[in-house]
Amino acid sequence: MDPNRGPRLNPHIASAPLYTPGTAVEEVAARYGVAEVIKLASNENPLGPSPRAVAAIRAALPELFRYPRIADDELRARLAERLGPAIGPEHIATGNGATELLALISQGFIDEGDEAIICPPTFPMYEILIRRRGGRPVRVNLTVDYEYDVEAILAAITPRTRLIFICSPNNPTGTIMTQTEADRLMAGVPDRVVVIFDESYLAFVDRDDHVKAIDYVRAGRTVILLRSFSKAHGLAGLRVGYAIAHPTLAEYLWRSRLPFHLGSLALVGAMAALDDVDHVSRTRALIIAERAKLVDRLKALGLFVVPSQSNFIIFRPGYDPQTVYEHLLRRGVIVRPADFFYMPEFIRVSVGTPEQNARFIAALKDVLDVLAAGQAERS
Ligand SMILES: Cc1ncc(COP(=O)(O)O)c(C=O)c1O
């Protein structure tokens, strides 16, 4: 198409970076001829999908010729029941994954030139979506210990600030915002600024000083919490997430979605997954036990590891992460070089089953030995 005569493209959409997903199992199997590839690249649930969700989805297949219920009130009512006192369906907006809600939030609050504070290293979609709207991402980096720098965040607020993104546990560091830090933040943020608490990985937290952000919703503050069915429920492929916020904000998000934004399989699958308490608790127990072992094993290899409250761990391999990643691919193990997550010296690995983790550690040890031998030869 002739760029001078074709349609005018929105320059913000045309120039914003694209999301880079984790490498697919099929791609690695085909490229390297490895029979059993393990993917520890996208923080997926190593126990698979909620079995109750799978059964409900199967049972719903004959109804696929119908449009889904346009109202998601049943899912919102069930969510509200589980969220405890003073939270009703009017506090909830559902989305096609938490990602859709992030998009609706940027669409709803960011216009050309508006500012949004992000705290890298963090989830890159915040910045991408702000840029698509012509907004200005204002970076307030995490501290050297990968913690939130609350005073710096408050100091970065200007009359143009519309949003502040807090991710806890944070992707890719696995670190959290504590209650004390969050209270300090909320004490200084004016009500015209919306604070987003992305809690997609909340199920994996075992520290009791983690912020209970839902209490800010109960207190009527201008916050939006984001949760996802992709991780603890094992339904990343189904695409369901939800926001919890003051009814005015929840309704604002709800009004800006498309009709039928959740397919009928997503609706029934999510509702069944909510009842599958057993699957979530087995997942949580596995992740918490395995991540501790994985951290110890990575440290035993002499690597720098950031302590994690999530279902992934970030570590510094000591060699070029891309090289380590490619060597691991040849051994049938997919991890994620973290350059896309603002951490170019690091690799992020998702916590898998005990067998997957053992295979990853064995492969990594082998790769590091090969790279060390190569380095010794050259020197
Ligand atoms: C911090 C964070 N927020 C949101 C999401 C998106 O979740 P969903 O699959 O519900 O769109 C992810 C996915 O990896 C994430 O890491």
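The values are calculated or read from the model by the stated rules, or taken from the named source; none is laboratory data. On a predicted model such as this, the values are computed, not experimentally measured, just so you know. When we count neighbours, we look across all protein chains shown, and the Cβ atoms used for this are built from the backbone with ideal geometry, even at glycine.
It is to be established whether one or more residues within segment 167-177 are in contact (Cβ under 8 Å) with a residue 12 or more places away in the chain and surrounded by fewer than 19 Cβ atoms within 10 Å (Cβ to Cβ).
Within segment 167-177, none of the residues are in contact (Cβ under 8 Å) with a residue 12 or more places away in the chain and surrounded by fewer than 19 Cβ atoms within 10 Å (Cβ to Cβ).
Determine if segment 137-157 includes at least one residue that is under 17 Å from residue 224 (Cβ atoms) and in contact (Cβ under 8 Å) with a residue 60 or more places away in the chain.
no
Does at least one position in segment 279-296 carry a residue that is more than 16 Å from the ligand (Cβ to nearest atom), part of a loop (DSSP other than H, G, I, E, B) and at pLDDT 95 or above?
no
Please determine, by comparing only the residues of segment 74-109 that are hydrophobic (A, V, I, L, M, F, W, C) and part of a strand (DSSP E or B), which one is surrounded by the fewest Cβ atoms within 10 Å (Cβ to Cβ).
The extreme case among them is 92.
Looking only at segment 125-147, count every residue that is at positive phi and within 16 Å of the ligand (Cβ to nearest atom) and tell me the total.
Adding up the residues that qualify gives 1.
Regarding segment 317-325, can at least one residue be identified that is aromatic (Phe, Trp, Tyr) and crowded, with 22+ Cβ neighbours inside 10 Å?
Taking every residue of segment 317-325 in turn, none turns out to be aromatic (Phe, Trp, Tyr) and crowded, with 22+ Cβ neighbours inside 10 Å.
Out of everything in segment 75-122 that is among the β-branched types (Val, Ile, Thr), free of Cβ contacts under 8 Å to residues at least 60 places away in the same chain and closer than 24 Å to residue 239 by Cβ, what residue ends up being farthest from the ligand (Cβ to nearest atom)?
Filtering first and then ranking leaves 110.
Test residue 283 against the stated conditions and say whether it is of a type in the set (S, T, N, Q) and surrounded by fewer than 19 Cβ atoms within 10 Å (Cβ to Cβ).
No.
Go through the residues of segment 120-127 one by one and say whether even a single one is under 19 Å from the mean Cα position of the chain (by Cα), assigned by TED's automatic domain parsing to the domain that holds residue 256, in a helix (DSSP H, G or I) and over 19 Å from residue 347 (Cα atoms).
yes
Being more than 17 Å from the chain's Cα centre (by Cα) and either of a type in the set (Val, Ile, Thr) or at pLDDT 90 or above (or both) is the filter here, so list the residues in segment 34-48 that pass it.
34, 36, 37, 38, 47, 48 - these are the residues of segment 34-48 that are more than 17 Å from the chain's Cα centre (by Cα) and either of a type in the set (Val, Ile, Thr) or at pLDDT 90 or above (or both).
Restricting attention to segment 314-337, report how many residues are touching a residue at least 24 places away in the same chain (Cβ under 8 Å), assigned to a strand (DSSP E or B) and within 10 Å of residue 41 (Cβ to Cβ).
Here the count works out to 3.
Any residue at all in segment 55-74 that's at pLDDT 95 or above and within 16 Å of the ligand (Cβ to nearest atom)?
no
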